[in-house]
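Notes for the one structure printed next.
The values are calculated or read from the model by the stated rules, or taken from the named source; none is laboratory data. The structure displayed is predicted, hence computed values, not measured ones. All Cβ positions, glycine included, derive from the backbone under ideal geometry; neighbour counts span all protein chains shown. These area figures cover heavy atoms from the full protein model, side chains too; ligands, DNA and RNA do not enter into them. Shrake-Rupley method; radii C 1.70, N 1.55, O 1.52, S 1.80 Å.
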Protein chains: 4
Amino acid sequence: MTPSTIPRHDPAHKGLASDNYAGVHPEILEAIVRANGGHQSPYGEDVYTQALQDVFRRHFGPDALAYPVFNGTAANVVSLRSMTAPWEAVVCAETAHVNTDEGGAPEVAGGIKLRTVPTPDGKLTPSLVDLQAWGFGDVHRAQPRVVSISNTTELGTVYTPEETRAVCDHAHSLGMLVHLDGARLCNAAAALDVPLRALTTDAGVDVVSFGGTKLGLMYGEAVVVLNPEAARGVEYVRKTLMQLASKMRFVSAQFEALLEGDLWLRNARHANAMARRLAAAVADVPGVRVTRAVEANGVFAVLPPDVTARLQKRFPFYTWDEVTGEVRWMCAWDTTEEDVDAFAAAVREELRGVSP
Amino acid sequence: MTPSTIPRHDPAHKGLASDNYAGVHPEILEAIVRANGGHQSPYGEDVYTQALQDVFRRHFGPDALAYPVFNGTAANVVSLRSMTAPWEAVVCAETAHVNTDEGGAPEVAGGIKLRTVPTPDGKLTPSLVDLQAWGFGDVHRAQPRVVSISNTTELGTVYTPEETRAVCDHAHSLGMLVHLDGARLCNAAAALDVPLRALTTDAGVDVVSFGGTKLGLMYGEAVVVLNPEAARGVEYVRKTLMQLASKMRFVSAQFEALLEGDLWLRNARHANAMARRLAAAVADVPGVRVTRAVEANGVFAVLPPDVTARLQKRFPFYTWDEVTGEVRWMCAWDTTEEDVDAFAAAVREELRGVSP
Amino acid sequence: MTPSTIPRHDPAHKGLASDNYAGVHPEILEAIVRANGGHQSPYGEDVYTQALQDVFRRHFGPDALAYPVFNGTAANVVSLRSMTAPWEAVVCAETAHVNTDEGGAPEVAGGIKLRTVPTPDGKLTPSLVDLQAWGFGDVHRAQPRVVSISNTTELGTVYTPEETRAVCDHAHSLGMLVHLDGARLCNAAAALDVPLRALTTDAGVDVVSFGGTKLGLMYGEAVVVLNPEAARGVEYVRKTLMQLASKMRFVSAQFEALLEGDLWLRNARHANAMARRLAAAVADVPGVRVTRAVEANGVFAVLPPDVTARLQKRFPFYTWDEVTGEVRWMCAWDTTEEDVDAFAAAVREELRGVSP
Amino acid sequence: MTPSTIPRHDPAHKGLASDNYAGVHPEILEAIVRANGGHQSPYGEDVYTQALQDVFRRHFGPDALAYPVFNGTAANVVSLRSMTAPWEAVVCAETAHVNTDEGGAPEVAGGIKLRTVPTPDGKLTPSLVDLQAWGFGDVHRAQPRVVSISNTTELGTVYTPEETRAVCDHAHSLGMLVHLDGARLCNAAAALDVPLRALTTDAGVDVVSFGGTKLGLMYGEAVVVLNPEAARGVEYVRKTLMQLASKMRFVSAQFEALLEGDLWLRNARHANAMARRLAAAVADVPGVRVTRAVEANGVFAVLPPDVTARLQKRFPFYTWDEVTGEVRWMCAWDTTEEDVDAFAAAVREELRGVSP
């Protein structure tokens, strides 16, 4: 047995750090295996990628066109670059992933100026958009062209169809377009019990970064163009931004497995349910305060820093705000009730100062 | 059975179009499966990526540092961007993949000027480098900083250790660095029967784009820094160029399976052997002329255009040069003797004007 | 007399819109005329540019190196690009010119991410810097590398030497550098009655965008590197960002005329004095409220919108904030006491509803 | 008398290095002086820039729109960036200024891939264009979108109207556009004795970089859009590429002085005549070989390296090709017959080995 035939890690070990700590859902892995063997044209000319278009259209309407890419940062930058001329800017929440966690990729790789707006809950509204959506026609001001929203937001909140529609209508009335960072779009749809198109196509969104990795894929996100007028040269932008997968059949087969049946919904509902279970389990624990509405698969809470420190040694999770001590607990498709209960018990233990 | 549980394609179908038409080698797929389950830190903080460093160091020497990325274009652009200041340029062969087949990614995503040199066989030499390596200190000339060579070249030829060393010594004497596009580096090493480091570290190469996809990976290439002085901020460049894989354990596990034993060598030798078999099989066929030395896994040949057209309907392959009618036949890790023999027979048939 | 020998405009017409509405100071124009005739090496190899270095060193200390460029946006972008690696970010006030009025040039032409901070008065402090200066070593966060301050600020306020020093010390303690947008640096120095180096070199600033145009030049700003360790490849960055003047002698001759004697100080003091005169003249006018400290050559005030509208027809000036009706009156080197008094009289007239 | 009131250089000193070693033509300087005084709106809202549009339309036809910028590199990059989407490429001669002498600005500041073609004389033809104008619709190939030609070329040759038309017709038939680098367009028009529009608008050119500096301006070039469909967002591109002059009246006044009468033609004719005089004066000198057709204001010649070295100490000029010893002698608007005769005499002297 060569070294690599021994698993390098304990497959029982899980935490609440992020939904991308989880692995690949078994049905996704099966789809990958099935797509193997023989030769297929590369770069999206394979039968899996072609078939994938129908799958996306069933969810997003007859005009939808999906362009698989490698990761979420790329889905955002390829989307935004395709939606803007070089002198146009993007309005987003200050907390947007594209602003905070992508290392400057929109600016560095895309040359795109972001104009940020502080928000109470990670969500933009028409009047928040207006804080940056002005100066049209003034060459001294990078021209506001796209409003980018995240649903689920980085703060675990969700936009309803009506809220989404309000932002879209307002943006369109200004001659702007709407991009949706949907790294956790399925969690939002599951939380609201609405189809994906209720939060996107039907609400007026123009282009979606559709997330797969956090919902059980090995890798792969998709730029989904809902309004063909809204994005230009996506296939070229994808290539020049180094996101054209050679053996794309394996990305597309994963998405097909996620979306052709209800795997996307099962995974999202499950992760959301685990977050609610966790919030409920700590709700009455003295010393813990859940700080934000638990609308999808994340729980934000404040607890004493020393307790946080001890807990993090047992279950990995992130401190969201070093100043306030707010932490984030994310549930994934593979988080179990036992995981939640064990964690909640640990919270109680550590708060009592009892070491396990 | 849902639609996606039926394979969408015939796993027996193969061609000679490119080594990225092939799928995933079974040992690679097993490694992926083994790496699944449980939680692992994302973005390269997982145990697989950490273990991978040892594997790469065994091949490339104790200073080697490997940074997995998604695809070959990205490996090249991340390498070159890390090796150059914004005002520095890259000297490469006119036929280099980075110049011809990457959609302008170096310029668009990296802002990097390429300075190209015509070559007889895809290979640079010190005197060919000199055609562009001048004007040092002149602000009007993008400063030549990197020589980028490909081994195996896009024309199927290979650089020997001595030839590589000559280019490296010359570049270094000019204060320049050397990047090697190694999308098919294993094929070159197998062809010459030398270890990987003979063509890289020991020959003076500074940074390698190490290819995995064409040798049986599902996805994944690596920027391998051999000279730590030669590349700056690789981890940041990888992130801003959208190449930091979230679930990186699955890329690293594949590379480990490829490189810890001799899978890389078996796959490369096999593909090379198939190319030699094919070249031999058509060597005496009237109407076919093999146009270039068959040094790795590609065969270039000229045959009558109508024969090419009929053959391409039966076995996919590319016309390399529309003007001369030169075609390229690439063998992959999964090309079999039967595939080669069937193709050679088809060539004979079509040249005799006999339809099958 | 051909059409162009008739002046196209009335040289008596002046307003309070901006200090770049003014023309060229006669002493500057004389210097241009003197530099004409005969041949001089282009691109900064001329005797004027060489002599200029001594002039700048007298003001900024023996390590200062000045690189003339065409305009202020360019001085900022060339400075910031030379001070940062491609993955590094710049912290600045939300109101900074580089963020609000340069059309996105830092992002589009430089690929530089700005991280903005709201301020009460356009000035950063160590604790305001801290709102964005964190996440060092985290690849997901564009690395904070430069603090960029403006003195005079866009709100007409000035940093004292002590305030500047506090920001610089703090930035340096974080491993960051300080850039100063000095489009109106001379106005700040004149206001505080300190030499230029008190606000720059002696306070720890690393690189200055030194403004000339607003102080009476025809065109021309300079990137002045005070700390040679802080900026890399400025001469190459200037060229690739298209800021290397061909006939540079004419830029340098202007700067020499401005800086070798006290023209810079005379012009700045005069403009500042005119602003104070204006503020005083309207201080007791009912219906006018001066909204900000008048520290340099700008006056900010609120007055009834209809009065503003009528005044703007007589004397061009800008409404600074459409919501509050705040306006900005800028005095230039050529603003006269008569101009100020006439404008103040007009303010009185319009507020009385008396048309002139 | 302060130091700067003494001219720093000898206005009698001239050489043959480049037409940008010369200063400002007296009529241009007068126009600058006339435009001074009083306030004018900045950024092109002044009366001089508005009037300039008529002047350019008289030369280039009723659809022409001129956008003044600072220098020639910028005129090229602003033009090309406005003509291309981010994934599109530019075909040009290997010797094109934009490829050889702009420090990589198109790639670095514009993210634009250049595809170069070797030419015998610096001129593209339809069949030379075809060497790079292919691969339309292939995402792997940066899409050829613009053919960029220079007239006068960098080798001193000129395109006739018919040659220009042939390139334009061919480019348009391929769905491509044509950009003309006209840093020395007036010299070409003067040489051929045709109006400017014969070489541009009437020949099918879409966008021109119109040169002023080499013809006697202090600074200033213009992007002239002849086909409004061909360039998008020029005013925004100009701003984000840092080419929007604050006190633009002074650029526009110079162009008006150059173009409203026949100053452009006088200056160009004179420089061309001086080149012919020089070529004639050395034609029969043993040891000197004029290597290229003298069609505009440059003379290329080969002479013994030691003679070149001695001559360059007396009259600055450039060695064009270090390998062959070919030198370039450029005549400017201020080159006199005496200058030429003195230089020709010096050539004779040095060839005889007689020191002056």
Task: Residue that is farthest from the chain's Cα centre (by Cα), among those in segment B:228-250 that are outside any loop (DSSP other than H, G, I, E, B) and farther than 23 Å from A:G104 by Cβ - done: B:R249
Task: Residues within segment A:159-197 that are open to solvent by less than 10 Å² (accessible area, probe 1.4 Å) and either of a type outside the set (S, T, N, Q) or in contact with a Pro (Cβ under 9 Å, 6 or more places away or on another chain) (or both), tallied - done: 14
Open item on the list: Taking the criterion of being open to solvent by 10 Å² or more (accessible area, probe 1.4 Å) and not in a helix (DSSP H, G or I), would at least one residue in segment D:201-213 satisfy it?
Closed with: yes
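Would you say A:G44 is touching a residue at least 40 places away in the same chain (Cβ under 8 Å), assigned by TED's automatic domain parsing to the domain that holds A:R249 and not in a helix (DSSP H, G or I)? Talk me through it step by step, then tell me what you get.
Values: touching a residue at least 40 places away in the same chain (Cβ under 8 Å): yes; assigned by TED's automatic domain parsing to the domain that holds A:R249: yes; not in a helix (DSSP H, G or I): yes.
In short, yes.
When you check C:N71 against the structure, is it under 20 Å from A:G110 (Cβ atoms), polar (S, T, N, Q) and under 19 Å from the mean Cα position of the chain (by Cα), yes or no? So that I can check it myself, show each step before the final result.
Details: under 20 Å from A:G110 (Cβ atoms): no; polar (S, T, N, Q): yes; under 19 Å from the mean Cα position of the chain (by Cα): yes.
In short, no.
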- [ ] Scan segment A:274-293 residue by residue and report those that are at pLDDT 95 or above, of a type in the set (A, V, I, L, M, F, W, C) and open to solvent by 40 Å² or more (accessible area, probe 1.4 Å).
- [x] A:A280, A:V290
TODO: Take B:V91 and decide whether it is closer than 28 Å to C:G110 by Cα, crowded, with 19+ Cβ neighbours inside 10 Å, modelled with pLDDT of 95 or more and within 19 Å of the chain's Cα centre (by Cα).
DONE: yes
Open item on the list: Let me spell it out: the conditions are (1) touching a residue at least 24 places away in the same chain (Cβ under 8 Å); (2) under 24 Å from the mean Cα position of the chain (by Cα), and C:W320 meets all of them except one. Which number is the exception?
Closed with: (1)
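If you check B:E30, B:E102, which single one turns out to be outside any strand (DSSP E or B), touching a residue at least 24 places away in the same chain (Cβ under 8 Å) and open to solvent by less than 40 Å² (accessible area, probe 1.4 Å)?
On the way: B:E30 fails: open to solvent by less than 40 Å² (accessible area, probe 1.4 Å).
Only one candidate qualifies: B:E102.
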Task: Every residue from segment C:45-74 that is in contact with a strand residue (DSSP E or B) (Cβ under 9 Å, 6 or more places away or on another chain), facing chain D (nearest Cβ under 9 Å) and among the small types (G, A, S) - done: C:G72, C:A74
Open item on the list: Can you tell me which condition B:P86 does not meet? The list is (1) in a loop (DSSP other than H, G, I, E, B); (2) open to solvent by less than 10 Å² (accessible area, probe 1.4 Å), and all the others hold.
Closed with: (2)
TODO: Hey, can you tell me all the residues within segment D:106-151 that are open to solvent by less than 10 Å² (accessible area, probe 1.4 Å), part of a loop (DSSP other than H, G, I, E, B) and more than 14 Å from every other protein chain (Cβ to nearest Cβ)?
DONE: D:G122, D:L124, D:N151
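Can you tell me which of A:R292, A:R266 is part of a helix (DSSP H, G or I) and more than 12 Å from every other protein chain (Cβ to nearest Cβ)? Even if it seems obvious, please write down each step before you answer.
Details: A:R292 fails: part of a helix (DSSP H, G or I).
Exactly one of A:R292, A:R266 is part of a helix (DSSP H, G or I) and more than 12 Å from every other protein chain (Cβ to nearest Cβ), namely A:R266.
Filter segment A:227-259 for residues that are polar (S, T, N, Q), more than 14 Å from chain D (Cβ to nearest Cβ) and within 20 Å of B:K214 (Cα to Cα) and give the result.
If we filter segment A:227-259 for residues that are polar (S, T, N, Q), which is where we start, we get A:227, A:240, A:243, A:246, A:252, A:254.
Checking which are more than 14 Å from chain D (Cβ to nearest Cβ) leaves us with A:227, A:252, A:254.
Scanning segment A:227-259 gives a single hit, A:S252.
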Open item on the list: If C:L258 meets every condition in (1) in contact with a helix residue (DSSP H, G or I) (Cβ under 8 Å, 6 or more places away or on another chain); (2) open to solvent by 10 Å² or more (accessible area, probe 1.4 Å) apart from one, which number is that one?
Closed with: (2)
TODO: Answer yes or no: is there a residue in segment A:305-325 that is open to solvent by less than 10 Å² (accessible area, probe 1.4 Å), of a type in the set (D, E) and either modelled with pLDDT under 95 or outside any strand (DSSP E or B) (or both).
DONE: no
Task: Condition check for B:V299: in contact (Cβ under 8 Å) with a residue 24 or more places away in the chain, farther than 23 Å from B:A64 by Cα and surrounded by 24 or more Cβ atoms within 10 Å (Cβ to Cβ) - done: yes
- [ ] Filter segment B:154-192 down to residues that are among the hydrophobic types (A, V, I, L, M, F, W, C) and part of a loop (DSSP other than H, G, I, E, B) and give me whichever is nearest to the chain's Cα centre (by Cα).
- [x] B:A183
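Surrounded by fewer than 20 Cβ atoms within 10 Å (Cβ to Cβ) and either of a type in the set (S, T, Y) or not in a loop (DSSP other than H, G, I, E, B) (or both): does that describe B:A271?
On the way: surrounded by fewer than 20 Cβ atoms within 10 Å (Cβ to Cβ): no; either of a type in the set (S, T, Y) or not in a loop (DSSP other than H, G, I, E, B) (or both): yes.
No.
Residue by residue through segment B:326-356, note down the ones that are within 23 Å of B:N267 (Cα to Cα) and surrounded by fewer than 19 Cβ atoms within 10 Å (Cβ to Cβ). I'd like the intermediate steps shown before the answer.
Residues of segment B:326-356 within 23 Å of B:N267 (Cα to Cα): B:328-344.
Listed by number, the residues that qualify are B:T336, B:E337, B:E338, B:D341, B:A342.
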